[in-house]
Amino acid sequence: MLDRTSNQPVLPPEIDRRRTFAIISHPDAGKTTLTEKFLLYGGAIQMAGQVRAKGEARRTRSDFMQMEKDRGISVSASAMSFEFRDYWFNLVDTPGHSDFSEDTYRTLTAVDAAIMVIDGAKGVESQTQKLFEVCRMRDMPILTFCNKMDRESRETFDIIDEIQENLAIDVSPASWPIGVGREFMGCYDLLNDRLELMDRADRNVVSESVKISGLDDPKLAEHVPPHLLEKLLEEVEMARELLPALDHQAFLDGTMTPIWFGSAINSFGVQELMDGIGNFGPKPQVRPAAERQVSPDEKKVSGFVFKVQANMDPKHRDRIAFVRLCSGHFKRGMKLTHVRTKKPMAIASPMLFLASDRELAEEAWAGDIIGIPNHGQLRIGDALTEGEALHFAGIPSFAPELLQSVRATDPMKAKHLDKALNQFAEEGAAKLFKPAIGAGWIVGVVGALQFEVLASRIELEYGIPVRFEPSQFTSARWLNGPQDKLDRFINVNKGHIAYDHDGDPVFMTRLQWDIDRVERDYPDLKLTSTKEML
Ligand code: GDP
């Protein structure tokens, strides 16, 4: 059934109140701090800082990996669910390090919206821009949080202009900062005509909120010193003239972003942002599958795996597949069809990640992220349904930009290395290629840091010291085309052929020239740098 005014399906209340989103930002902009405050207001943790304080080792409770403890980077993405006012939030964590990774892309396929966090002094940085472009490909709604306003920041108009120009999106201020740096005292809430005053003394105190009848309310002068008030009135007048008012539909279409100013570490502006996600949405969205559109209000359950994480518990070799539910009301114990293998799977111990703990999920709804422990049956891109063969679209696999060969420094352990590599390929942490000629493996990644991460994980989780070495190839392209043409090509180019983890052939080379030549000489073949994981 469609709602006549919005043309969106009318959702059952439990689905209607769900908000599934991710935070995109450049490292150091304040994503971790903001996440902590979300959890604080979501009642999931007692006091912000606790997350970090429990041994410098722990950044947030969503971080499980030893690597992160060692290096203070977030290597794995996971999910956190919490309630806030009438809403149920699912926050999917994106890896934080600056190395570009596929994981992040896939994480973004599982959410309906993103919060873009920028540092008020630095504006739009490179990683933010990259991630923004990914969101844009799906016209995803974006809410912006300009952080660290308690420090020297740029002029408010400069920040907004930079976002509008660099990201080609309309920006509508939801709040306006009063003072900057040491003088920063809070914001004028443009949506609710309220004055929000920051408490500098206690970082965990929620800001004081003063209801104001408008910018001409004499109450303003009681709280804001004259020179700041004058600037505020002038700027807001200009902003109202020059900047667009918030247009809900434009926000949902991804062409306009509301911006809040605040200071995550001072718990300032965070609740207003959370109210924004709650009030403006979006709710769980319709998902495209190869066969048809899947609406969240459909009775039958469906979902797809967007991430696989292994060794969350070092004592077990179990993997957890993170599933975004696309439709229906899921109940524990349900038998779902694993579409790729057409086999039934009883989902006996699904998990919800409630920030502080993992918990058995007795039920879950469209929009939710659940974790399903399994022994490797579930791979990225796999669909689970109540029988229908659905293939959810848009979960990309990228051709790696860096290739290296790998070997165990102890030859006796070579066999175990196969197992470890296969597991990481399943997780999507690396691409694994078996050359058609010769022994060994070629590992492909998108960012250089990933080799290091892999080497230490293989040593840590499997006890196998390994060495990565330059491979003779630098590029890989998937090959597609009529089977006979493909076979003939493979036969005469054996030295350049390898097979990926799914057994699909790839063409490997050092030279772009080679790729161009193949495309010219074999017009029936298609060389692609992405493969949709169907
Ligand atoms: P992430 O790399 O994006 O996760 O950033 P973090 O949340 O770890 O923050 C990076 C640094 O900025 C940390 O030292 C934080 O304490 C600091 N920080 C975060 N929010 C604020 C803020 O509102 N004001 C100030 N002054 N520092 C902040």
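The values are calculated or read from the model by the stated rules, or taken from the named source; none is laboratory data. Fair warning: this is a prediction, and the values are worked out from it, not measured in the lab. Neighbour counts run over all protein chains shown; Cβ positions are idealised from the backbone, glycine included.
Inspect region 495-516 for any residue being among the basic types (Lys, Arg) and under 31 Å from the mean Cα position of the chain (by Cα) and give the result as yes or no.
No, that holds for no residue.
Of PHE473, PHE507, which residue is without any contact (Cβ under 8 Å) to a residue 40 or more places away in the chain and surrounded by 18 or more Cβ atoms within 10 Å (Cβ to Cβ)?
PHE507
Find the residue count for region 425-442, including only residues that are crowded, with 18+ Cβ neighbours inside 10 Å and either free of Cβ contacts under 8 Å to residues at least 60 places away in the same chain or among the polar types (S, T, N, Q) (or both).
The total comes to 2.
What are the pairs, 6+ residues apart or on separate chains, where a residue within region 220-241 that is in contact (Cβ under 8 Å) with a residue 60 or more places away in the chain and outside any loop (DSSP other than H, G, I, E, B) has its Cβ under 7 Å from a residue that is surrounded by 14 or more Cβ atoms within 10 Å (Cβ to Cβ) and polar (S, T, N, Q)?
As it stands, the answer is GLU235/THR156, since those pairs meet every condition given.
Looking at region 297-318, which of its residues are among the charged types (D, E, K, R) and either part of a strand (DSSP E or B) or at pLDDT 75 or above (or both)?
Hits for region 297-318 are ASP297, GLU298, LYS299, LYS300, LYS307.
Does ASP487 satisfy the condition of being out of contact with any Phe, Trp or Tyr (no Cβ under 9 Å at 6 or more places or on another chain) and within 19 Å of VAL443 (Cβ to Cβ)?
no
Looking only at region 81-88, decide whether some residue is touching a His at 6+ places or on another chain (Cβ under 7 Å) and either buried (at least 19 other Cβ atoms within 10 Å of the Cβ) or at pLDDT 85 or above (or both).
No, there is no match, as no residue in region 81-88 is touching a His at 6+ places or on another chain (Cβ under 7 Å) and either buried (at least 19 other Cβ atoms within 10 Å of the Cβ) or at pLDDT 85 or above (or both).
With the checklist (1) surrounded by fewer than 24 Cβ atoms within 10 Å (Cβ to Cβ); (2) among the basic types (Lys, Arg); (3) assigned to a strand (DSSP E or B) in hand, flag the one item ARG324 doesn't pass.
(1)
Just checking, how many residues over region 116-153 are under 13 Å from ILE23 (Cα atoms), surrounded by fewer than 22 Cβ atoms within 10 Å (Cβ to Cβ) and near the ligand (Cβ under 10 Å from one of its atoms)?
Looking only at that region, the number is 1.
Return only the number of the condition from (1) of a type in the set (A, V, I, L, M, F, W, C); (2) free of Cβ contacts under 8 Å to residues at least 40 places away in the same chain; (3) surrounded by fewer than 20 Cβ atoms within 10 Å (Cβ to Cβ); (4) not in a helix (DSSP H, G or I) that PHE468 does not satisfy.
Status for PHE468: all satisfied but (2).
Only one of these conditions is not met by GLY254: (1) on the phi > 0 side of the Ramachandran plot; (2) over 23 Å from the mean Cα position of the chain (by Cα). Which number is it?
(2)
Run GLU461 past the list (1) in a strand (DSSP E or B); (2) in contact with a helix residue (DSSP H, G or I) (Cβ under 9 Å, 6 or more places away or on another chain); (3) charged (D, E, K, R) and report the number of the one that doesn't hold.
(1)
Taking the condition of a type in the set (A, V, I, L, M) and either at pLDDT below 90 or buried (at least 24 other Cβ atoms within 10 Å of the Cβ) (or both), does LEU91 pass?
Yes, satisfied.
Please go through region 222-249 and give me each residue that is basic (Lys, Arg) and either at pLDDT 95 or above or more than 30 Å from MET140 (Cβ to Cβ) (or both), ordered by number.
Once the filter is applied, which keeps residues that are basic (Lys, Arg) and either at pLDDT 95 or above or more than 30 Å from MET140 (Cβ to Cβ) (or both), region 222-249 yields only LYS231.
Do we have GLU519 as farther than 26 Å from ALA290 by Cα, loosely packed, with under 11 Cβ neighbours inside 10 Å and not β-branched (Val, Ile, Thr) here?
no
How many of the residues making up region 236-289 are within 16 Å of the ligand (Cβ to nearest atom) and closer than 19 Å to PHE184 by Cβ?
So the count comes out to 15.
Can you pull out the residues in region 390-422 that are farther than 17 Å from VAL453 by Cβ, over 26 Å from the mean Cα position of the chain (by Cα) and either assigned to a loop (DSSP other than H, G, I, E, B) or not charged (D, E, K, R) (or both)?
SER405, ALA408, THR409, ASP410, PRO411, MET412, ALA414, HIS416
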